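To start, the structure under review is shown below, and the notes come after it.
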Amino acid sequence: MTDIASLRPLAAVAVPALAIPAIYASRRRPNLREGWTMLAAGLAFALVASMIPAALAGDAYVTDLGAFVPGVEFALRADALGMLFGLLASLLWVITSAYSIGYMRGLDEHAQTRYFASFAASVSAAIGVAFASNILVLFVFYELLTVATYPLVTHDETAEARAAGRKYLAYTFSGGVAVLAGTALVYWLTGTVTFTPGGIEGLAADPTVARAAFALLAGGFGVKAALMPVHSWLPDAMVAPTPVSGLLHAVAVVKSGVFGIARVVLDVYGPATVSDLGVGLPLAAVAAFTLVAASVIALRQDNLKRRLAYSTVSQLSYIVLGLAVLTPNALIGGLLHIPAHAFMKLTLFFCAGVIHVETHTDDISDMAGIGKRMPLTMSAFAVAAAGMAGIPLVAGFVSKFYILIGTIDAGQLVLTAALLLSGVLNIAYFWPIVYQAFFEGEAADRHDRKPLIEHALGGRADVAVDGGYDGHDRNARDVDAPGTEPRAAESARPVAEREGEYAVDRNPSDHARPDESTAEDGAAERGRGEDRDGHDVHHGPPADGWERRGWLGQESTWFMLGPILLAVAGSVVLGLVPYAAVFLRLVERIVAAATGVVA
């Protein structure tokens, strides 16, 4: 393995950062502003992609900026593991930027310049996390990522958004403190914090302190990885615009958490030391509990974005579980699930965003028959959902198969059972969405019974559940008049369920049907009303049912449909020819360096 001195890792971090002043300077010229965004995204991806051949050959480009603190260099190093995350973040920034243009313009969103600038800052920090050469530099970019994403979480500027933002900061900064404490212990034990494939030598000299450091590092990174019980910031962060949800769930934030755990397991401790210290099994147990519990909770969510949020909590634990099991197959599966989950979950959130923009429909129970209104969108949703459930020919099957075989190799059949159970639950909470979109009519009396969903654990029962309806009419959604106190039942609902929390609920669709601007009485008949800004909105199908749209893009703008098709195509390519997509080759290189076992 050879280190190649180069400015390319630094340039990949700097390009998104340098785009920020250009974006702000172009705030009065939207086309130029978004042109800077797309240019920076494309250039950052090209820089990262140019380093792939070296990473596959076992070499790494390095930018050394000198001493950071005594004994620690501020250096960026594009090794295979860093390339896995850096390539993913830069590639998906290109796709998400195009989608953001359609989404933000389609809703005539406020503060668009701040949005695009914050997005660029977030990707810069994410690439910095990827290429950090030691734990301390990773910590710096990890905290910068928190700061950069805060304006995106609170973009709506409502009380709910600010509350979610405060919770996000409290959780993630607390996790950062734990990471810093663990870093200090590692330095005290070894005199270095530099990442070393197979682990830093001498780390287990004091097993008690080494275990404490592992707990702090894994726990700190576990906050952004949404391990239970430090996961609740993630569903509440769904108050943000849908492209931000994609950033949080697929591109940067939660992936930085699982990436941090990967660095700790592979390049700080090493699989052998993790096994000798006995800290892998407790981490695997937490991950197994999280992936099953979050799947059960997802069943209870009627709000689409919240169901996807709990799905993310579950899916991230597949990655952590694969890393904690430590067998080569499990490690390959866990690392491969980083890009696999990213493409699939980005597709799902993009689909949710198009549904918001075009129909102002948030709840799954209002989506019966929506497949004929949005055939491309819901078909892409169905493919990505199948992959999330581990159905063959989509990315999720490949990564989960490796993890499953890895647990069998390790003799951990309880973990194998947990994976299989979670797979069944994945089908249980995704299939009803697809089924009613394509195979049910809009009229309530034409809906098929769904005992699993309509059970007390489901999202439609009139019981007080997280994301449920607390016994009141789900169509009674008109908000309180300005200056009045919210109704008791409404104020008791979860943050992300209240009216007005999504930007889409406060802005008109740019593709509304001409016959949808009716008087107040007509709106009431359709389950519609006016939001706080007086915009006419509706939830669910209009009185005469969904309008049938064709398969050639009539359902929305191609600024949003194009990125959806690219993301779902990535999911399929990873499922059919994972070697051709580079990611599997990078993963095998990573695992071979950490374990000495060549796949």
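Between L421 and S232, residue separation times 0.36 nm minus the direct Cα-Cα distance comes to 65.8 nm.
For D64 and F401, the difference between the fully extended length at 0.36 nm per residue and the C-alpha to C-alpha distance is 117.4 nm.
Solvent-accessible area assigned to carbon and sulfur over region 104-198 amounts to 64 percent, based on a 1.4 Å probe.
What's the FRET efficiency of Y579 with R162 using the Cβ-Cβ distance as r and R₀ = 56 Å, to the nearest 0.05?
Using R0 = 56 Å, I get an efficiency of 0.75.
Length gained on full extension, M38 to V140, computed as 0.36 nm times the residue gap minus the Cα-Cα distance: 34.1 nm.
Global size of region 75-118: 14.4, 42 Å for Rg and Dmax (C-alpha atoms, Rg to one decimal, Dmax whole).
Over 20 Å between Cα atoms: which of K372/K400; K305/K400; K167/K345; K167/K224; K255/K400 fall into that group? Beyond 20 Å: K372/K400; K305/K400; K167/K345. For V597 and A49, a Förster radius of 25 Å and the Cβ-Cβ distance give a FRET efficiency of 0.35, rounded to the nearest 0.05. Would you mind classifying region 56-147 by shape? Square roots of the alpha carbon gyration tensor eigenvalues, ordered a ≥ b ≥ c; an a/c under 1.5 is rounded, otherwise it is prolate if a/b is larger than b/c and oblate if not. Because a/c hits 1.5 or more and a/b fails to exceed b/c, region 56-147 counts as oblate.
Can you tell me how region 290-443 classifies by the Cα gyration tensor, rounded, prolate or oblate, using a/c under 1.5 as the rounded cut?
Prolate.
The listed residues E442, E358 rank as E442, E358 when sorted by accessible area, largest first, using a 1.4 Å probe. Per residue, the convex hull around the alpha carbon atoms of region 163-289 comes to 96 Å³. Expressed as a fraction of 2.2 N^0.38 Å, the C-alpha radius of gyration for region 1-67 is 1.38.
At 1.4 Å probe size, with every protein chain present, just tell me what the per residue accessible area of region 192-286 comes to in Å².
24
Protection proxy ranking for 135-143, 191-199, using the average of other Cβ atoms within 10 Å per residue and placing the highest first: 135-143, 191-199. Rounded to whole numbers, the Karplus 3J(HN,Hα) couplings from phi for region 570-581 are x, 4, 6, 4, 5, x, 8, 9, x, 5, 5, 8 Hz, using 6.51 cos²θ - 1.76 cosθ + 1.60 with θ = phi - 60°, and x at Gly and Pro.
Rolling a 1.4 Å probe across all protein chains gives Y24 an accessible area of roughly 100 Å². Distances between placed amide hydrogens fall under 5 Å for E73 paired with F68, all partners being 5 or more residues away or on another chain. Around the amide H of I4, modelled in the peptide plane, lie the amide H atoms of A60, Y61, V62, all under 5 Å away and 5 or more residues distant in sequence or on another chain. Within the full protein context, the accessible area of T190 is estimated at about 40 Å² for a probe radius of 1.4 Å.
For region 99-199, the alpha carbon convex hull comes to 99 Å³ per residue, rounded to a whole number.
Packing here is the average count of other Cβ atoms within 10 Å per residue, and on that basis the peptides 92-98, 49-55, highest first, run 92-98, 49-55. Classify region 202-242: rounded, prolate or oblate, from the alpha-carbon gyration tensor (a ≥ b ≥ c, eigenvalue square roots; a/c under 1.5 rounded; otherwise prolate if a/b is larger than b/c)? Taking the square roots of the gyration eigenvalues as a ≥ b ≥ c, region 202-242 is prolate. Using the Karplus relation 6.51 cos²θ - 1.76 cosθ + 1.60 with θ = phi - 60°, the per-residue 3J(HN,Hα) values for region 425-435 come to 5, 4, 4, 5, 9, 9, 4, x, 5, 5, 4 Hz, with x marking Gly and Pro.
The values are calculated or read from the model by the stated rules, or taken from the named source; none is laboratory data. Quantities reported herein were computed from a predicted structural model and do not represent experimental measurements. With ideal geometry, Cβ positions are generated from the backbone for all residues, glycine too; neighbour counts draw on all protein chains shown. Note: accessible area is taken over every heavy atom of the protein model, side chains too, but ligands, DNA and RNA are not part of it. Shrake-Rupley method; radii C 1.70, N 1.55, O 1.52, S 1.80 Å.
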